[in-house]
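Values quoted throughout were computed directly from the atomic coordinates according to the rules given, and no laboratory measurement underlies them. If you're wondering where the values come from, they're calculated on a predicted model, not measured in any experiment. Here the Cβ positions follow ideal geometry from the backbone for every residue, glycine too, while neighbour counts run over all protein chains shown.
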Amino acid sequence: MALVKAGVVVLDCAEPEKLAQFYKELLDAEETDANANRVELRSGDGFRLALRRDVNATAPSWPRPENSLQAHLEFVVDDVDATERRIVGLGGRPMEATDSTGPLDERGYADPAGHSFTLRRGAPTSPKQG
């Protein structure tokens, strides 16, 4: 019998209600619980994400090393370009300035509070290096 029943990814941020709106739209998720300091969401496929209030939260500086990547989310999508347009429309931003000629398998972004996440097309083909 498993000791852990379910996992929840929790992101600290100054304004969980605002950040929840971004992820509700991006993930087509529903709010399953909320109080003054936390909002929890669940997507249709069961992915659970919580946004927790921390008035002193600072976003990771990835890819800069001073307050580098602490953790990030990874989302699998069919159409990276269409999803990118949606992310930018919701207030997120691309994190990597790369030559985007041709299809990319993976792209990095930040949500409106600065948390990094990756979009990737299909299954990863090789382990991440570095």
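Tabulated data for the structure shown
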| quantity | calculated |
| --- | --- |
| Around E31: net Lys/Arg minus Asp/Glu count, Cβ-Cβ under 9 Å | -1 |
| Cβ crowding within 10 Å averaged over residues, with 45-54, 18-27, 77-86 ranked highest first | 18-27, 45-54, 77-86 |
| Label point distance in nm, V76-T58, each placed 7 Å from Cα along Cα→Cβ | 3.6 |
